[in-house]
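The values are calculated or read from the model by the stated rules, or taken from the named source; none is laboratory data. Just so it is clear, the structure is predicted and the values come from calculations on it, not from any experiment. Here the Cβ is made from the backbone with ideal geometry for all residues, glycine too, and neighbour counts use every protein chain on show. What goes into the accessible areas is simple: the full protein's heavy atoms, side chains included, and nothing from ligands, DNA or RNA. Shrake-Rupley method; radii C 1.70, N 1.55, O 1.52, S 1.80 Å.
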Amino acid sequence: MRRRRWSLGYDGVLLSSAVALAGDPVAMARAFRLSVEAGRLAFEADPLQPRDMAEPSTPVLGQAVFA
């Protein structure tokens, strides 16, 4: 657990630097806040389970092949 706390600390320093050094710090802070919110929503949306092999998510029969 200690290692995770250190990692989060480094992330905080990097975030602080990105916001502080941005041309528009308020906009940069908002962008980070929205990205964290989007990541959390995606996590809670129960994404697809990992697969061993790739499977197309759309039908490929009858589709043009551009090669």
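For region 26-47, the tally of residues that are closer than 19 Å to LEU14 by Cβ and of a type in the set (Phe, Trp, Tyr) stands at 1.
Filtering region 54-67 to residues that are open to solvent by less than 100 Å² (accessible area, probe 1.4 Å) and among the β-branched types (Val, Ile, Thr) leaves THR58, VAL60. The set of residues in region 15-32 that are open to solvent by 60 Å² or more (accessible area, probe 1.4 Å) and in a helix (DSSP H, G or I) comprises LEU15, SER16, ALA20, VAL26, MET28, ARG30, PHE32. Just so you know, in region 33-53 the residues that are in a loop (DSSP other than H, G, I, E, B) and either open to solvent by 100 Å² or more (accessible area, probe 1.4 Å) or touching a Ser or Thr at 6+ places or on another chain (Cβ under 9 Å) (or both) include one that is modelled with the lowest pLDDT, and it is LEU48.
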